[in-house]
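Please read the structure below before turning to the comments.
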Amino acid sequence: MAFYHPILFRLDAERAHTLTIAALGAWGKAGTPLAPSVPRLATTVAGIAFPNPVGLAAGVDKDGRAIDSFFGLGFGSVEIGTLTPVPQPGNPKPRIFRLPEDRAVINRLGFNNGGLDAALSRVCSPAKAGAQAGSPPSRGNKVLGINVGANKDASDRTADYVHGVTRAAPHADYITINISSPNTPGLRDLQHGAALRDLLAACTTAKGTTPIFLKVAPDLEPADIDDIARAALDNRIDALIVNNTTISRPGLRSANAKETGGLSGAPLAPLARQRLSDFRKATGAAIPLISVGGVDSGAEAYARLRAGASLVQLYTALVYEGPGLPARILRELDALLKRDGFTTVGDAVGVDA
Ligand SMILES: Cc1cc2nc3c(=O)[nH]c(=O)nc-3n(C[C@H](O)[C@H](O)[C@H](O)COP(=O)(O)O)c2cc1C
């Protein structure tokens with residue numbers, strides 16, 4: 001992720017991303033918040049108090065190097081990861097591609113990350129019962145999610161998730177189980193049948209009292225959606241993150257459109273809206289939904305909330321709109337809620353569903 005800038009956009013996308021995260025990491029220590037807190041936007045989801053419903057999606061700050069900076073931009077939650085038990089390099093470069101004419105990105109990173117333990121050493125522990133003595137100071141009302149995955153060469157993928165959940169639980173406000181990346185061969189198979197049920201049962205046993213979210217792919221058949229919804233309900237999953245990148249290619253114009261990998265950004269929005277509606281129906285609104293995919297404005301965030309999302313997350317719009325985007329979305333969202341007479345953001349959730 002690199003913000004739109006004529007010089008940064010001349011660099012290879014991954015090089016620009018690394019520079020941006022390094023700069024943000026340095027700024028976070030001295031920076032002041034860009035977005036004031038707005039009482040109307042505060043909301044409680046899965047028992048967690050979020051200062052606002054706009055979160056940073058996983059993958060931007062995989063290794064947790066610039067968490068404070070992203071909170072400083074206005075995000076109510078930051079999800080780090082995906083983190084695997086053992087560090088791994090990911091796929092050969094180049095592996096991130098900008099699609100400027102489509103306001104989109106294709107990536108095939110393949111869970112490149114410095115490993116769970118290295119990221120946990122950078123994370124402050126939340127102010128919660130049972131925080132270990134000597135742990136770093138609390139993040140106050142900022143919500144930190146830790147997204148966990150399996151190593152590419154793991155002989156037992158479920159064991160990798162259980163390890164991740166167990167290690168991350170004392171340090172996270174919530175944990176996300178990511179079984180929806182298209183860039184680790186076979187990973188999405190965990191979204192089906194007995195493999196899914198075994199995985200969720202094992203992870204819910206390992207999580208202790210930390211809420212656990214499941215992140216799904218948009219590339220699902222109706223039967224898959226029902227199956228996932230039922231498994232999530234049966235295993236008391238606390239929220240569903242709908243959705244990851246897509247392997248479909250809906251009418252793209254940019255030169256990089258034929259690259260292999262997961263597509264994100266504006267062209268993903270129609271599919272993300274459809275999957276939000278699908279999961280709302282399939283779960284009977286019994287599990288909170290977090291809508292991700294092409295959210296790029298206060299109006300779009302508001303529409304997702306009204307369609308049944310309790311929270312939204314974003315990644316790709318930040319690349320094209322720049323660091324002022326989260327604060328702008330919060331201002332726009334607040335104005336829209338006020339216009340329509342909602343005193344809290346939670347009152348708007350699902351009114352159009
Ligand atoms: C370069 C890149 C890397 C990503 N890495 C991860 C990841 O490690 N784990 C994950 O769960 N999602 C990852 N995602 C998916 C995003 O979290 C998000 O679900 C998706 O991009 C759709 O949102 P957007 O359209 O706002 O970008 C990544 C996305 C991009 C563009």
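The values are calculated or read from the model by the stated rules, or taken from the named source; none is laboratory data. In this text, all values refer to a predicted model and were calculated from it rather than measured experimentally. With ideal geometry, Cβ positions are generated from the backbone for all residues, glycine too; neighbour counts draw on all protein chains shown.
Answer with yes or no whether Gly81 is within 28 Å of Gly298 (Cβ to Cβ) and part of a loop (DSSP other than H, G, I, E, B).
Details: within 28 Å of Gly298 (Cβ to Cβ): yes; part of a loop (DSSP other than H, G, I, E, B): no.
Here the answer is no, as Gly81 does not meet what is asked.
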Residues that are away from the ligand (no atom under 13 Å from the Cβ) and surrounded by fewer than 22 Cβ atoms within 10 Å (Cβ to Cβ), drawn from the range 310-327: Gly322, Pro323, Gly324, Ala327
Sole exception among (1) part of a helix (DSSP H, G or I); (2) charged (D, E, K, R); (3) modelled with pLDDT of 95 or more for Arg188, by number: (3)
Helices (runs of 4 or more DSSP H) completely within the range 213-306 that count 2 or more residues being in contact with a strand residue (DSSP E or B) (Cβ under 8 Å, 6 or more places away or on another chain) and closer than 30 Å to Arg339 by Cα: 269-283, 298-306
Residues of the range 43-78 classified as within 13 Å of the ligand (Cβ to nearest atom) and over 23 Å from Glu300 (Cβ atoms), total: 3
Candidate set from the range 67-115 (those that are acidic (Asp, Glu) and touching a residue at least 60 places away in the same chain (Cβ under 8 Å)); member that is surrounded by the fewest Cβ atoms within 10 Å (Cβ to Cβ): Glu101
Subset of the range 84-116 [among the small types (Gly, Ala, Ser) and assigned to a strand (DSSP E or B)]: Ala104
Test for Arg273: is it more than 15 Å from the ligand (Cβ to nearest atom) and within 19 Å of the chain's Cα centre (by Cα): no
Tally of residues being of a type in the set (A, V, I, L, M, F, W, C), touching a Leu at 6+ places or on another chain (Cβ under 6 Å) and within 11 Å of the ligand (Cβ to nearest atom) across the range 105-116: 1
Selection from the range 1-51 of residues that are aromatic (Phe, Trp, Tyr), surrounded by fewer than 19 Cβ atoms within 10 Å (Cβ to Cβ), at pLDDT 70 or above and closer than 19 Å to Ser69 by Cα: Trp27
All positions within the range 223-269 that are surrounded by fewer than 16 Cβ atoms within 10 Å (Cβ to Cβ) and within 18 Å of Ala201 (Cβ to Cβ): Arg230, Leu233, Asp234, Arg236
Residue among Ala257, Ala348, Ala335, Ala285 that is within 16 Å of the ligand (Cβ to nearest atom) and at pLDDT 95 or above: Ala257
Tally of residues being in contact with a Lys or Arg (Cβ under 8 Å, 6 or more places away or on another chain) and away from the ligand (no atom under 14 Å from the Cβ) across the range 227-248: 3
Per-region count, the range 197-212, residues in a helix (DSSP H, G or I) and crowded, with 22+ Cβ neighbours inside 10 Å: 3
